[in-house]
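*Asks:* I have a structure here, written as structure tokens, and I will follow up with some questions on it.
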Amino acid sequence: MFDNDEIKERVLLVGVRTSENDDTEMSLDELGELAETAGAAVVGKLIQNREMVHPGTYVGKGKIDEIKEKIWELDATGIICDDELSPAQLGNLQDVLDTKVMDRTLIILDIFAARATTNEGKIQVELAQLKYRQSRLTGLGVSLSRLGGGIGTRGPGEKKLEMDRRLIKGRIAQLNRELKEVKRHREVTREQRSRNQIPVVAIVGYTNAGKSTLMNSLTGSEILAEDKLFATLDPTTRGMQLPSGQEVLLTDTVGFIRKLPHHLIEAFKSTLEEAKYADIILHVVDTSNPQVDEQMCIVYETLANLEVTDKPVITALNKQDKLALLGKQPLLRDFKADYIVKVSAKTGEGLDDLQTVIEKVLREQKIAIERVYSYADAGKIQLIRKYGELLEEEYRDDGIFVRGYVPAAIYPKVSDE
């Protein structure tokens, strides 16, 4: 029998604070959660106060000596820096510390690689990983060094480097082609939804805010929902019937996080763009998290980067059950939201109120209709029922009296105008 258990990495977290009031402490706590999600054990944290990050080694010489001591003292197998390291910083730190050096981006990419299950997710993650690796291929390093002078022995390492570059470049081009095809399919699906006139609600929020649990509670689906960062990665769309009988589509998106790597935003743009084409943004907030204000700001910054700025926003203040257990005062403010609803996706508290608010926002985007249809035109009422909101229906001698709301695109089909 062989023991195949993987040796768990013991890591030291390293961050740089460049101003007194920055969020380095909170960012390092989150990095610890990311490391644990990736399967490492955090054995210590170090923060250096500097005017700016050291361009060559990320931290200064004195802090490097302290890191060396901590690695020996805590029996660490590597360090994780809280920012994306340049190739020079990565190489210099590895040389000086003689240990595994990782950065925040690498850890997030590792988690994404483990969580991607659909073909699209796998393509997006591999593309982000290759772009990250491509910028870090350097020549004449320890493993790619020249063998020495003399005919026939010059530059085998450089040949390997160029070959690696060419292979990565070729694979990136292939993945981009595959991703374009996936994006085309996504656009076709989106157009089909648009033709069906079914409203789309995009669920956005910080990672681990409870988006998947909320979606499961509202739609009765069984999407993976765990108390982990990036538990679900691939976008999911499910149908939901509102109390008025109107159908809407709920689309879950990948969770946002501090310092989300640029490569990932680029690779996942087609997925994140679901929010761009939605009718309503449902912003899920973990009210029990002490960093809730910062997390909300990061979500709005990410939405702004994706040019999602003109949509009605409903903020669901989630995890009210957890908040009650902690004995905390609930968060009451989100000045960027059009509506705020207190909910608990786990217990079902406030979900009826949330559906009522969704109906209200959809109603604001529709045209009111109040008229009597002849019995020969009864099919038009079915259009109102399917795509709009039917508030009243009364069968009279002169026809069918109807009162309700319909989308602007449907209005010409149900009116005589």
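Every number in this text was worked out from the coordinates using simple rules, so none of it is lab data. As the structure is a prediction and not an experimental result, all values here were calculated from the model. With ideal geometry, Cβ positions are generated from the backbone for all residues, glycine too; neighbour counts draw on all protein chains shown.
*Asks:* With labels modelled as points extended 7 Å from the Cα through the Cβ direction, what inter-label distance (nm, one decimal) is found for Phe335 paired with Glu247?
*Replies:* Simple spin-label model gives 4.1 nm for this pair.
*Asks:* Beta carbons within 10 angstrom, averaged per residue: use that to sort the peptides 237-243, 382-388, highest first.
*Replies:* 382-388, 237-243
*Asks:* Next question, about the same structure. Which length gain, in nm to one decimal place, applies between Lys183 and Cys297 when the Cα-Cα distance is subtracted from 0.36 nm times their residue separation?
*Replies:* Contour length minus the Cα-Cα distance gives 38.2 nm.
*Asks:* Taking R0 as 22 Å, what FRET efficiency do you get between Asp352 and Arg396 from their Cβ-Cβ distance, rounded to the nearest 0.05?
*Replies:* 0.10
*Asks:* Calculate, for Glu191 and Thr237, the FRET efficiency according to 1/(1 + (r/R0)^6) with r their C-beta to C-beta distance and R0 22 Å; round to the nearest 0.05.
*Replies:* Using R0 = 22 Å, I get an efficiency of 0.95.
*Asks:* What is the diffusion coefficient of the chain in µm²/s, taking the Kirkwood radius over Cα pairs and the Stokes-Einstein relation at 37 °C with a viscosity of 0.692 mPa s?
*Replies:* Rounded, D is 133 µm²/s.
*Asks:* Go ahead and estimate [θ] at 222 nm for the chain from helices alone: -39,500 (n - 2.57) per DSSP H run with n ≥ 4, summed, over the residue count, rounded to 500.
*Replies:* -13500 deg cm²/dmol
*Asks:* Roughly what would the spin-label model give for Lys8 and Arg50, points 7 Å off Cα along C-beta, in nm?
*Replies:* Between Lys8 and Arg50, the label points sit 3.1 nm apart.
*Asks:* Also: Let's test the formula: R0 of 35 Å, r as the Cβ-Cβ distance of Lys100 and Glu222. What FRET efficiency results, to the nearest 0.05?
*Replies:* With a Förster radius of 35 Å, E is 0.40.
*Asks:* What lysines could a cross-link reach from Lys169, if we take a straight Cα to Cα line under 18 Å and drop same-chain neighbours fewer than 8 places away?
*Replies:* Counting by Cα, and skipping residues close in sequence, Lys169 has these lysines nearby: Lys122, Lys131, Lys159, Lys160, Lys180.
*Asks:* Straight distance only, please: which lysines reach the Cα of Lys70 with their own Cα at less than 30 Å, same-chain residues fewer than 8 apart left out?
*Replies:* Within the straight-line limit of under 30 Å, Lys70 reaches these lysines: Lys8, Lys45, Lys61, Lys100, Lys228, Lys259.
*Asks:* Could you check the spin-label model distance between Ala376 and Thr118? Points 7 Å from the Cα along Cα→Cβ, value in nm.
*Replies:* Here the modelled spin labels are 4.7 nm apart.
*Asks:* Sorted by mean Cβ packing within 10 Å, highest first, what order do the peptides 390-397, 342-349 take?
*Replies:* 342-349, 390-397
*Asks:* For the ranges 173-184, 58-69, what's the packing order if you count other beta-carbon atoms within 10 Å of each residue, average per peptide, and put the highest first?
*Replies:* Order by mean packing, descending: 58-69, 173-184.
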